[in-house]
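Chemist: One structure follows; several queries about it will come next.
The values are calculated or read from the model by the stated rules, or taken from the named source; none is laboratory data. Bear in mind that the values here come from a model prediction, so they are computed numbers and not experimental data. When we count neighbours, we look across all protein chains shown, and the Cβ atoms used for this are built from the backbone with ideal geometry, even at glycine. With ligands, DNA and RNA removed, areas are computed over all heavy atoms of the protein, side chains included. Shrake-Rupley method; radii C 1.70, N 1.55, O 1.52, S 1.80 Å.
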Amino acid sequence: MSYETKTATLAKGALTYLVAGEGEPLLVLHTSGGPLWTPLIEKLATTRRIFMPVLPGFGGTAMLDSVASVTDLADLAADFITTEIGAAPVDVFGGSFGGRVALYLAVRHPDRVTDMVLEAPAGVAVGADPAAQDPQAARTGLFAYPDKAKHLAPTPEIAQGNSAAFRAYGGPVLVDEELVALLPGITAPVLVIMGTLDRVTPPQAGHYLATTLPNGKLTYVYDAAHAVQVDQAEAMFRVTRHFLDKGAAFIVASREYC
C-alpha cells in the first residue's frame, strides 16, 4: 500500500507526515532511523489510518528552532494529533526512540492517548549495566535478518541527517531519569514488545515498564532483534492488532489473530 506525503501547519512550524490506510487513526512515532515504511506499518495500514509525522531533522527535513528536546517532540506530537488527526485521544505506536517520545506524550498529554504499543523503547533500561552494553550493537545489531531491511535503507545523506537529528535530541540514553520518575503516572494501557535477540535495548527496559506502568504489559517476539517490525512483521502485526483492538483482552487466544 502506498502512502501520501503531506504537510501539517502546527504552532511551532510546518511538519511533514506520511499517511495511508482506512479505519481508526494510529499515530506512529518513528525510530532514530527516520520515517521508514516498514512491513509492519504496511500491514497496520490495512486495518488503520496511519499517521506518521516526520520528526524535525529526520528524513531529510529541517530542524525547527523551537523543538530541541524529546519533551518538545512530545508536545509537537500532541499538537499534531489535535490539528491534523482531529480525533483525540488516539492509539499510539512508538519504536525505540519513538517509544521514548510516546511515553513523554502519555505523561504530558494523557488526554491525547488511548492505548500504546512500544517496540523496544529507549531510555527506560533501569537496572542495566552501562559497561555491559555493546557500543557496536546500534550499527550491527538492529536486525536479525538484515536482508529484510535492504529496501528500507535511506540514502547516505538522509542517514547522516537522521544521525545528526538524533544527537541533537540527546542521542542514545540508557536511562532517562526525568522520564522514569514520571512513568507511574501513565494510566493508558501499554504493550511493550521486545525481540528475543535484541542487543540494543537491554531486557531490563521491558521488565521495568511492565512492573512500573499501572497498565503495562510485556511480550516477546521470537527470532527478532531490535527492529521487530522488520524481522518478524507478521508476528508483531498479530499481537499489535490484537492489543489495539481488544485492549487488555489481547492475551486471550482468538482464531481471528492466528
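Chemist: Going by the conditions given, is ASP223 of a type in the set (Asp, Glu) and under 14 Å from GLU119 (Cβ atoms)?
Modeler: Working: of a type in the set (Asp, Glu): yes; under 14 Å from GLU119 (Cβ atoms): no.
In short, no.
Chemist: Restricting to segment 76-103, what's the tally of residues that are in a helix (DSSP H, G or I) and either under 10 Å from VAL28 (Cβ atoms) or not aliphatic (A, V, I, L, M) (or both)?
Modeler: Initially, segment 76-103 is screened for residues in a helix (DSSP H, G or I), giving 76-85, 97-103.
Then keep just the ones that are either under 10 Å from VAL28 (Cβ atoms) or not aliphatic (A, V, I, L, M) (or both); that gives 79-80, 82-84, 97-100, 102.
Residues that pass the stated criteria total 10.
Chemist: Tell me which residues, restricted to segment 35-49, are within 12 Å of TYR3 (Cα to Cα) and in a helix (DSSP H, G or I).
Modeler: Matches in segment 35-49: ILE41, GLU42.
Chemist: When residues of segment 50-75 are filtered for being touching a helix residue (DSSP H, G or I) at 6+ places or on another chain (Cβ under 8 Å) and not in a loop (DSSP other than H, G, I, E, B), how many remain?
Modeler: So the count comes out to 9.
Chemist: Okay, moving on. Mind checking which residues of segment 188-197 are in contact (Cβ under 8 Å) with a residue 60 or more places away in the chain and open to solvent by 10 Å² or more (accessible area, probe 1.4 Å)? Lay out the reasoning, then the answer.
Modeler: To start, the set of residues in segment 188-197 that are in contact (Cβ under 8 Å) with a residue 60 or more places away in the chain comprises 188-195.
Correct list: ALA188, PRO189.
Chemist: Scan segment 27-40 and report the pairs whose first residue is under 15 Å from GLY171 (Cβ atoms) and whose second residue is open to solvent by 10 Å² or more (accessible area, probe 1.4 Å) and of a type in the set (Ser, Thr, Tyr), with Cβ atoms within less than 7 Å and a gap of 6+ or a chain change.
Modeler: Between residues of segment 27-40 that are under 15 Å from GLY171 (Cβ atoms) and residues that are open to solvent by 10 Å² or more (accessible area, probe 1.4 Å) and of a type in the set (Ser, Thr, Tyr), the close pairs are THR31/SER96; SER32/SER96.
Chemist: Being modelled with pLDDT of 95 or more and open to solvent by 20 Å² or more (accessible area, probe 1.4 Å) is true for just one of ILE158, ILE251. Which residue is that?
Modeler: On the way: ILE251 fails: modelled with pLDDT of 95 or more.
Only one candidate passes the filter, namely ILE158.
Chemist: Further question on the same structure: Give me the pairs, please: first residue somewhere in segment 198-209 and open to solvent by 10 Å² or more (accessible area, probe 1.4 Å) and assigned to a loop (DSSP other than H, G, I, E, B), second residue anywhere and modelled with pLDDT under 85 and of a type outside the set (A, V, I, L, M, F, W, C), beta-carbon distance under 6 Å, and either six or more positions apart or on two chains.
Modeler: Listed pairs, sorted by first residue: ARG199/ASP134; ARG199/GLY141; VAL200/GLY141.
Chemist: While we're on this one: If the Cβ limit is 7 Å and pairs must be 6+ apart or interchain, which residue in segment 168-187 that is under 13 Å from GLY216 (Cβ atoms) and basic (Lys, Arg) pairs with which residue that is modelled with pLDDT under 95 and open to solvent by 40 Å² or more (accessible area, probe 1.4 Å)?
Modeler: none
Chemist: Taking segment 228-248, which residues are open to solvent by 20 Å² or more (accessible area, probe 1.4 Å) and hydrophobic (A, V, I, L, M, F, W, C)?
Modeler: Result: ALA235, PHE237, VAL239, ALA248.
Chemist: Continuing with the same structure: Please state which one of ALA144, ALA131, ALA120, ALA137 is open to solvent by less than 10 Å² (accessible area, probe 1.4 Å) and either modelled with pLDDT under 90 or more than 24 Å from LEU76 (Cβ to Cβ) (or both). Write out each step before concluding.
Modeler: Details: ALA144 fails: open to solvent by less than 10 Å² (accessible area, probe 1.4 Å); ALA131 fails: open to solvent by less than 10 Å² (accessible area, probe 1.4 Å); ALA120 fails: either modelled with pLDDT under 90 or more than 24 Å from LEU76 (Cβ to Cβ) (or both).
Only one candidate passes the filter, namely ALA137.
Chemist: Can you confirm whether segment 218-235 contains a residue that is β-branched (Val, Ile, Thr) and closer than 20 Å to TYR104 by Cα? I'd like the intermediate steps shown before the answer.
Modeler: Step one: of segment 218-235, the residues β-branched (Val, Ile, Thr) are 219, 221, 228, 230.
Next cut, closer than 20 Å to TYR104 by Cα only: none.
Checked against the condition, which is being β-branched (Val, Ile, Thr) and closer than 20 Å to TYR104 by Cα, segment 218-235 yields no hits at all.
Chemist: Go through segment 83-109 and count every residue that is of a type outside the set (Gly, Ala, Ser), open to solvent by less than 10 Å² (accessible area, probe 1.4 Å) and closer than 21 Å to LYS6 by Cα. Please lay out each step first, then the result.
Modeler: Kept after step one, since they are of a type outside the set (Gly, Ala, Ser), are these residues of segment 83-109: 83-85, 89-93, 97, 100-101, 103-105, 107-109.
Then keep just the ones that are open to solvent by less than 10 Å² (accessible area, probe 1.4 Å); that gives 90, 92-93, 97, 101, 103-105.
The next check asks that each one be closer than 21 Å to LYS6 by Cα; those that pass are 90, 92-93.
So the count comes out to 3.
Chemist: Still on this structure, I have one more. Is it true that ALA225 is more than 17 Å from ALA128 (Cα to Cα) and either free of Cβ contacts under 8 Å to residues at least 12 places away in the same chain or buried (at least 16 other Cβ atoms within 10 Å of the Cβ) (or both)?
Modeler: Working: more than 17 Å from ALA128 (Cα to Cα): yes; either free of Cβ contacts under 8 Å to residues at least 12 places away in the same chain or buried (at least 16 other Cβ atoms within 10 Å of the Cβ) (or both): yes.
Answer is yes for this residue.
Chemist: Scan segment 79-129 for residues that are under 15 Å from the mean Cα position of the chain (by Cα) and small (Gly, Ala, Ser) and report the count.
Modeler: Going through segment 79-129 one residue at a time, the tally reaches 10.
Chemist: Restricting attention to segment 27-46, does a residue exist that is more than 18 Å from the chain's Cα centre (by Cα), open to solvent by 40 Å² or more (accessible area, probe 1.4 Å) and on the phi < 0 side of the Ramachandran plot? Before you say what the answer is, go through the steps one by one.
Modeler: The initial filter retains those residues of segment 27-46 that are more than 18 Å from the chain's Cα centre (by Cα), namely 46.
Filter once more, so that each one left must be open to solvent by 40 Å² or more (accessible area, probe 1.4 Å): 46.
Keeping just the survivors that are on the phi < 0 side of the Ramachandran plot gives 46.
Yes, some residue in segment 27-46 is more than 18 Å from the chain's Cα centre (by Cα), open to solvent by 40 Å² or more (accessible area, probe 1.4 Å) and on the phi < 0 side of the Ramachandran plot.
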